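Visitor: The structure is given below, and queries will be raised subsequently.
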2 protein chains.
Amino acid sequence: MSAYRALEARFKRCSDLYGALSILQWDHQVMMPPGGNAVRAEQMATLRQLAHELLTGPETAELLDRAEGERAGLGPWQAANLAEMRHRQRHATALPTDLIVALVRATTEAEMLWREARARADFARLRPALEEVLRLVREEAAAKAQALRLEPYDALLDGYEPGVTTVEIDAWFAPLQAFLPDFLEQVLRRQITPLPLQGSFPKDKQKALGERLMAALGFDFTHGRLDESLHPFCGGVPDDVRMTARYDESDVTSGLMAVLHETGHALYNAGLPKAWRHQPVGAPRSTAVHESQSLLLEMQICRSRAFLGYLAPLLAEAFGDQPAFSPDNLYRRAIRVERGLIRVDADEVTYPLHIILRYRLEQALLAGDLAVADLPGAWHEGMRELLGVTPQGDREGVLQDIHWPSGAFGYFPCYTLGALMAAQLFQALRAAEPDLEAGIGRGDFRPLLAWLRRNIHEQGSLLGTQTLLARATGRALTPRPFLEQLERRYLA
Amino acid sequence: MSAYRALEARFKRCSDLYGALSILQWDHQVMMPPGGNAVRAEQMATLRQLAHELLTGPETAELLDRAEGERAGLGPWQAANLAEMRHRQRHATALPTDLIVALVRATTEAEMLWREARARADFARLRPALEEVLRLVREEAAAKAQALRLEPYDALLDGYEPGVTTVEIDAWFAPLQAFLPDFLEQVLRRQITPLPLQGSFPKDKQKALGERLMAALGFDFTHGRLDESLHPFCGGVPDDVRMTARYDESDVTSGLMAVLHETGHALYNAGLPKAWRHQPVGAPRSTAVHESQSLLLEMQICRSRAFLGYLAPLLAEAFGDQPAFSPDNLYRRAIRVERGLIRVDADEVTYPLHIILRYRLEQALLAGDLAVADLPGAWHEGMRELLGVTPQGDREGVLQDIHWPSGAFGYFPCYTLGALMAAQLFQALRAAEPDLEAGIGRGDFRPLLAWLRRNIHEQGSLLGTQTLLARATGRALTPRPFLEQLERRYLA
């Protein structure tokens, strides 16, 4: 057997372990009784460890070296697969085992304290644990920087968005920071207050409508399910997608928009290349590309006048008609903008400012230029500067996100990279499919899904993000389409 | 680290893999969309293979040998744990890998064809696949016989009920076969037809009542759940028990009795020794002991007048009262006996006869004294002899059970061994707890559960089955209590 084939067999095993983990993780969030917590943690740790051992064992390193010599005989998908294998192995072997163990322990502890600290709005409770996490993440960044020959923060970024560095992110974010604060002023002056929703919207009816929209968008329920969880997410594996939602019985549109967001993730997962199901090249391209798929659906498609015209009669059918369900009023609700404190509740205009704040702060933390003790102050100051608001306490400030206690530094920028990609993809899609919006108004999403399947989903990890985007849209990533879209939507 | 400690770490990994498998198996039966089938099979095969490799690797054999030398320093639980490790490793290493692979392939194929064959009542459709399974199971039995120094059929039995052989089973079954046919005649002559149930019994109310009974019996819903599946089962892990039921809306008692049966399994799993959660010695003692726990609850407790007196008002409360809900009528329903064709629908009087038939036939198949082609004829003849009825076709004959297509030869006797143990345990329990039945009439099951916890559940696999039983009841297994109980219940 060639070294490459032997690697495929090893990575197939890893894929089965990760797939099993993904179902166990879903079960943990959706089904598991609370008393199962401890044993589930043990099971998942063991599965992760087995996958890690497969990835970091000396046989894998040796096979990778030998497979390099076979590269001439590999097809383009195989060659890309080999590169993805190497990328994963480099990240996994960069860290010594005792650092991994220390990170798991410290982040588990910090996540637990974060829940308590947030509930009591008491940052001091989290502080020592977060300091320990930061200390270890700095070690992690240093180790990865050395192994990958990157700057420390870039080495962490590379785990979420391979190949991207702060140089590019700075270039993409600078126009946003220059544009958005003034733009926000203008938008706020022009907004028309929508009619409020009347009455209550039973969960089961929201779920039924959500499933109807998912099916219309192309979600295949023989290969997935929709359930409830505290925080909506999309898990499972491509042939068995596990999506979740959360419903607010006083606000039907917030739950539906979350369903549509997760449906974007779900369609990406389900559409990954079938021939490469168990190999790294068959995986989603990156965190930012994944986010582009959910935001394209939620922000570009489902907040459009065309979609809301399609949705309005479905809402009336499900819950009885009311003035707030008119397409115009739904649109006013969908493009409502405000200077909010909470990232996950933010609209598309202010969202990048929330991200820019976090991007700045996590770089400063990592560089040692900002102490954890000074984080709440820096947060308040940044919010005032970027968004013009100041949180009353840390619960609506630095305690709102789990990312840092979880050790996820370098993740936040992906949200906004995803938003920029979504706008750029949508622009290309509209140019390629002139009848797109008319179809959406009739609930016909087939041209949308076909274009995404062909240009993004079925490409898996064959291409780097920038090449993928250039092939789909004709150019490298630029914030232009995002800003143009904002101007069109909010100032027209 | 001592060799024994190193073994504990290895078996902890296996336990996590098996625990993960158990949740994935539950998900497969209860939650998974049909399109997830193929990938789930891959995931589960990989997890099983990893566990198998841990068990059969040369390091494990070497550690086991070294740990034998450390035996003097081990406590009784550790020594028993070491013996259980050795037992598992012997079974796992007895079979060459290519035979295991061939068995998985052949039984997967045969199970699929069995479903088709049963649906069409067409044994010929299954025959070639079952012949292949039998051929491989005979190889398996021969290989295990050599490794374990047992007769071939006994070597298979040893996988379900360690230490038991056909010599003992023959001795336990002979009195049953001598007693039951005449006894059945007498019972049938004396039976009083119960009033039929009126109306329909909505699933959700049956489920709510089932959960109420489970809670009363001591099932802890912070460590488990009750769901629906095509065939009721009890899976999961001790701290996260996954029980399922199936409801018939025209017959509330059949669904409830199945819930109570599975609750017996669930209480055993949940009650296993906490200090040995991830080690072989912490596992249930055997298939037959497991069955004794479900049958003790279903047959001994829940078909008693005392229990049915407690149940009657709960049924009336849940579904509205009716004459069929009187305690006397419920008891008549509970002890209804008939010459049926189907094992899973059989009453406690005829059940052992269904088992004796299968026990005979599978021994003959394994010995090469009976060809698969002659199986339907032998089945019909055996049913006529033992039960006095003849199936119309093979659907209600040899096609009713999945065990043989699944390669599970040597499993059937455990059902009846479990029934005998249940009767013997219940006899001892009543002697030890004179107020037991009065308590049950009031819905107080605490003395029952405490006795089972102490005598069975918390013993895990510390003792062999016969020692366990002797300590709990004062004597080795005998069919006497089972037969006495039948006489008391059916001829009184």
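The values are calculated or read from the model by the stated rules, or taken from the named source; none is laboratory data. Fair warning: this is a prediction, and the values are worked out from it, not measured in the lab. All Cβ positions, glycine included, derive from the backbone under ideal geometry; neighbour counts span all protein chains shown.
Visitor: Answer yes or no: is there a residue in the stretch A:32-53 that is outside any helix (DSSP H, G or I), over 22 Å from the mean Cα position of the chain (by Cα), at the interface with chain B (Cβ under 8 Å from one of its Cβ atoms) and hydrophobic (A, V, I, L, M, F, W, C). Show your work before the answer.
Guide: The first filter runs over the stretch A:32-53 and keeps only residues outside any helix (DSSP H, G or I), leaving A:32-33.
After this cut, where a residue has to be over 22 Å from the mean Cα position of the chain (by Cα) as well, the list is A:32-33.
Subset that is at the interface with chain B (Cβ under 8 Å from one of its Cβ atoms): A:32-33.
From what is left, the residues that are hydrophobic (A, V, I, L, M, F, W, C) are A:32.
Yes: one or more hits.
Visitor: Name the single residue, out of those in the stretch A:18-29 being more than 7 Å from chain B (Cβ to nearest Cβ) and surrounded by fewer than 24 Cβ atoms within 10 Å (Cβ to Cβ), that is farthest from B:Arg13 (Cα to Cα).
Guide: Applying the filter and picking the extreme gives A:Gln29.
Visitor: For a quick check of your reading: which helices (runs of 4 or more DSSP H) sit entirely within the stretch A:375-479 and have at least 2 residues that are within 30 Å of A:Glu109 (Cα to Cα)?
Guide: A:375-387, A:413-432
Visitor: Taking the criterion of being modelled with pLDDT of 95 or more, away from chain B (no Cβ under 14 Å) and under 29 Å from A:Glu132 (Cβ atoms), would at least one residue in the stretch A:75-87 satisfy it? Spell out how you get there, then give the answer.
Guide: First, the residues of the stretch A:75-87 that are modelled with pLDDT of 95 or more: A:75-87.
Next, from what is left, pick out any that are away from chain B (no Cβ under 14 Å): A:75-87.
Filter once more, keeping what is under 29 Å from A:Glu132 (Cβ atoms): A:87.
Scanning the stretch A:75-87, I find at least one residue that is modelled with pLDDT of 95 or more, away from chain B (no Cβ under 14 Å) and under 29 Å from A:Glu132 (Cβ atoms), so the answer is yes.
Visitor: Just to be sure I understand, how many residues within the stretch B:390-422 are farther than 25 Å from B:Val133 by Cβ and modelled with pLDDT under 95?
Guide: 2
Visitor: Identify the single condition in (1) in contact with a Gly (Cβ under 6 Å, 6 or more places away or on another chain); (2) buried (at least 18 other Cβ atoms within 10 Å of the Cβ) that A:Pro413 does not satisfy, given that it satisfies every other one.
Guide: For A:Pro413, the exception is condition (1).
Visitor: Name every residue in the stretch A:284-335 that is more than 19 Å from A:Ala422 (Cα to Cα), out of contact with any Gly (no Cβ under 7 Å at 6 or more places or on another chain), not in a loop (DSSP other than H, G, I, E, B) and not hydrophobic (A, V, I, L, M, F, W, C), in order of residue number.
Guide: Scanning the stretch A:284-335 gives A:Pro313, A:Glu317, A:Pro323, A:Asp328, A:Asn329, A:Tyr331, A:Arg332, A:Arg333.
Visitor: Of the residues A:Asp170, A:Asp182, A:Asp98, which single one is under 22 Å from A:Leu357 (Cα atoms), assigned to a helix (DSSP H, G or I) and either more than 25 Å from the chain's Cα centre (by Cα) or not assigned by TED's automatic domain parsing to the domain that holds A:Glu348 (or both)?
Guide: Result: A:Asp182 is the single residue among A:Asp170, A:Asp182, A:Asp98 that is under 22 Å from A:Leu357 (Cα atoms), assigned to a helix (DSSP H, G or I) and either more than 25 Å from the chain's Cα centre (by Cα) or not assigned by TED's automatic domain parsing to the domain that holds A:Glu348 (or both).
Visitor: Still on this structure, please answer the following. Could you check how many residues of the stretch B:54-74 are in contact with a helix residue (DSSP H, G or I) (Cβ under 8 Å, 6 or more places away or on another chain), of a type in the set (A, V, I, L, M), more than 13 Å from chain A (Cβ to nearest Cβ) and assigned to a helix (DSSP H, G or I)?
Guide: 5
Visitor: Same structure, new question: What number of residues in the stretch B:199-211 are in contact (Cβ under 8 Å) with a residue 12 or more places away in the chain and either buried (at least 20 other Cβ atoms within 10 Å of the Cβ) or assigned to a helix (DSSP H, G or I) (or both)?
Guide: Total meeting the criteria: 9.
Visitor: Being under 23 Å from B:Asp239 (Cβ atoms) and either in a helix (DSSP H, G or I) or not small (Gly, Ala, Ser) (or both) is the requirement here; does B:Gln25 meet it?
Guide: yes
Visitor: Right, next: Suppose we filter the stretch A:408-454 for residues that are farther than 21 Å from A:Glu487 by Cα and among the polar types (S, T, N, Q); how many remain?
Guide: Total satisfying the criteria: 0.
Visitor: Considering only residues that are aliphatic (A, V, I, L, M) and assigned to a loop (DSSP other than H, G, I, E, B), look in the stretch B:359-374 and name the one that is surrounded by the most Cβ atoms within 10 Å (Cβ to Cβ).
Guide: B:Leu370
Visitor: Of all residues in the stretch A:246-270, count the ones that are more than 22 Å from A:Arg88 (Cβ to Cβ), in a helix (DSSP H, G or I) and under 19 Å from the mean Cα position of the chain (by Cα).
Guide: 14
Visitor: Restrict the check to the stretch A:226-243 and report whether at least one residue is closer than 30 Å to A:Cys14 by Cβ, in contact with a His (Cβ under 7 Å, 6 or more places away or on another chain), within 14 Å of chain B (Cβ to nearest Cβ) and in a helix (DSSP H, G or I).
Guide: no
Visitor: A further question on this structure: Check B:Pro175, B:Pro196 and return the single one that is surrounded by fewer than 21 Cβ atoms within 10 Å (Cβ to Cβ), in contact (Cβ under 8 Å) with a residue 60 or more places away in the chain, in the same structural domain as B:Asp321 (by TED's automatic domain parsing) and touching a Leu at 6+ places or on another chain (Cβ under 8 Å). It would help to see each step written out before you state the result.
Guide: Details: B:Pro196 fails: touching a Leu at 6+ places or on another chain (Cβ under 8 Å).
Among B:Pro175, B:Pro196, only B:Pro175 is surrounded by fewer than 21 Cβ atoms within 10 Å (Cβ to Cβ), in contact (Cβ under 8 Å) with a residue 60 or more places away in the chain, in the same structural domain as B:Asp321 (by TED's automatic domain parsing) and touching a Leu at 6+ places or on another chain (Cβ under 8 Å).
Visitor: A follow-up question, please. Determine which single condition A:Val164 fails, assuming it passes every other condition in (1) part of a loop (DSSP other than H, G, I, E, B); (2) more than 28 Å from A:Glu385 (Cα to Cα); (3) not hydroxyl-bearing (Ser, Thr, Tyr).
Guide: Checking A:Val164 against (1) part of a loop (DSSP other than H, G, I, E, B); (2) more than 28 Å from A:Glu385 (Cα to Cα); (3) not hydroxyl-bearing (Ser, Thr, Tyr), the one that fails is (2).
Visitor: Kindly establish whether A:Val344 is assigned to a loop (DSSP other than H, G, I, E, B) and under 18 Å from the mean Cα position of the chain (by Cα).
Guide: Answer is no for this residue.
Visitor: So which pairs qualify, if the first residue must be in the stretch A:29-42 and over 17 Å from B:Gly271 (Cα atoms), the second must be outside any loop (DSSP other than H, G, I, E, B) and of a type in the set (Asp, Glu), the Cβ gap must be under 6 Å, and the two must be at least 6 apart or on different chains?
Guide: A:Val30/A:Asp227; A:Glu42/B:Asp16
Visitor: Provide a single number: the residues in the stretch B:139-172 that are closer than 24 Å to B:Ala373 by Cα and surrounded by fewer than 17 Cβ atoms within 10 Å (Cβ to Cβ).
Guide: 2
Visitor: Residues that are among the hydroxyl-bearing types (Ser, Thr, Tyr) and within 10 Å of chain B (Cβ to nearest Cβ): does the stretch A:2-14 have at least one?
Guide: Checked the stretch A:2-14: no residue is among the hydroxyl-bearing types (Ser, Thr, Tyr) and within 10 Å of chain B (Cβ to nearest Cβ).
Visitor: Would you mind telling me which numbered condition in (1) outside any loop (DSSP other than H, G, I, E, B); (2) in the same structural domain as A:Arg453 (by TED's automatic domain parsing); (3) of a type in the set (Phe, Trp, Tyr) A:Phe219 fails?
Guide: For A:Phe219, the exception is condition (1).
Visitor: Kindly establish whether A:Ala117 is in the same structural domain as A:Arg40 (by TED's automatic domain parsing), at pLDDT 95 or above and out of contact with any strand residue (DSSP E or B) (no Cβ under 6 Å at 6 or more places or on another chain). Before you say what the answer is, go through the steps one by one.
Guide: On the way: in the same structural domain as A:Arg40 (by TED's automatic domain parsing): no; at pLDDT 95 or above: yes; out of contact with any strand residue (DSSP E or B) (no Cβ under 6 Å at 6 or more places or on another chain): yes.
Here the answer is no, as A:Ala117 does not meet what is asked.
Visitor: Could I ask something else about it? Just to be sure I understand the filter: pairs with C-beta atoms under 7 Å, separated by 6 or more residues or on different chains, first member in the stretch A:345-370 and without any contact (Cβ under 8 Å) to a residue 24 or more places away in the chain, second member among the aromatic types (Phe, Trp, Tyr). Which pairs pass?
Guide: Matching pairs, first to second residue: A:Leu361/A:Trp379.
Visitor: May I pose another question? State whether the residues of the stretch A:55-77 include one that is over 19 Å from A:Gln279 (Cα atoms), outside the structural domain of A:Arg225 (by TED's automatic domain parsing) and among the aromatic types (Phe, Trp, Tyr).
Guide: No, the stretch A:55-77 contains no residue that is over 19 Å from A:Gln279 (Cα atoms), outside the structural domain of A:Arg225 (by TED's automatic domain parsing) and among the aromatic types (Phe, Trp, Tyr).
Visitor: Exactly one condition in (1) modelled with pLDDT of 95 or more; (2) away from chain B (no Cβ under 14 Å); (3) farther than 27 Å from A:Gly282 by Cβ is not met by A:Gly255; state its number.
Guide: (1)
Visitor: Which members of the stretch B:439-466 meet the condition of being over 20 Å from the mean Cα position of the chain (by Cα), surrounded by 14 or more Cβ atoms within 10 Å (Cβ to Cβ) and without any contact (Cβ under 8 Å) to a residue 60 or more places away in the chain?
Guide: The answer is B:Gly439, B:Asp444, B:Pro447, B:Trp451.
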